[in-house]
């Protein structure tokens, strides 16, 4: 993969091999290159690869690799567990967009429709330090949604293996007609809202770039409820029900309340291809 210089004492450097490891989720997204081609191109760069099988957990696979550079080719929901391992190990992280929307890759400045180009981060990557968010101990790279959208994600997951249009329409219909507020407090203040979004850095709310982030290293969380935006390094959200359905980077979860949301500024070392840095 390459060599990294370290001091051996008295100003004498020594070199060790830098190992790289890429996890490929073949079930992410639609279209794009064949997973086998992605694996082949990564191996040409000297990157060890692992194609996820049924029952494989990306975080466990990354943890067992022992590599200095950890990459994941998958959608937004696949990234955080591998990024968590990279952060804990102080390893570099590589994102290869291989999902449907690839929001994080877009905000990182990658061409989210060209996963093969993103592999160049393993060859000539330049390091960026970016923020990560936490919902209690769970890491997120994009955002955590509570309320209407989270319910939709949970219902979509239950219908995941039923691809009929009826199942998708039924999920949307149930969510759209849901009129109940969440019954939550934010930092002790009661808030009437059907949806809350806690974001790692600010989202652009103006057309045509709505839903994008200009920065990933601001060091702030942005909390959005209809008609209001709050900015802080930490928020505590509580609910009388004791738990909240959530979508964490688009993946369904249930969070026990109170939930302590916080930011870890510039905690994650990300490699991006030189031309994108």
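Model label sites at residue 113 and residue 240, defined 7 Å from Cα along the beta-carbon direction, differ in position by 4.9 nm. For the range 186-207 versus the range 26-100, the inter-centroid distance based on Cα atoms is 30 Å. Among 41, 192, the ranking by other beta carbons within 10 Å of each residue's beta carbon, starting with the fewest, stands as 192, 41.
Read the figures in this text as sums done on the coordinates, not as results from a lab. Since the model is a prediction, treat every value here as computed from it, not as a measurement. Please note: Cβ atoms are built from the backbone with ideal geometry, for glycine as well, and neighbour counts cover all protein chains shown.
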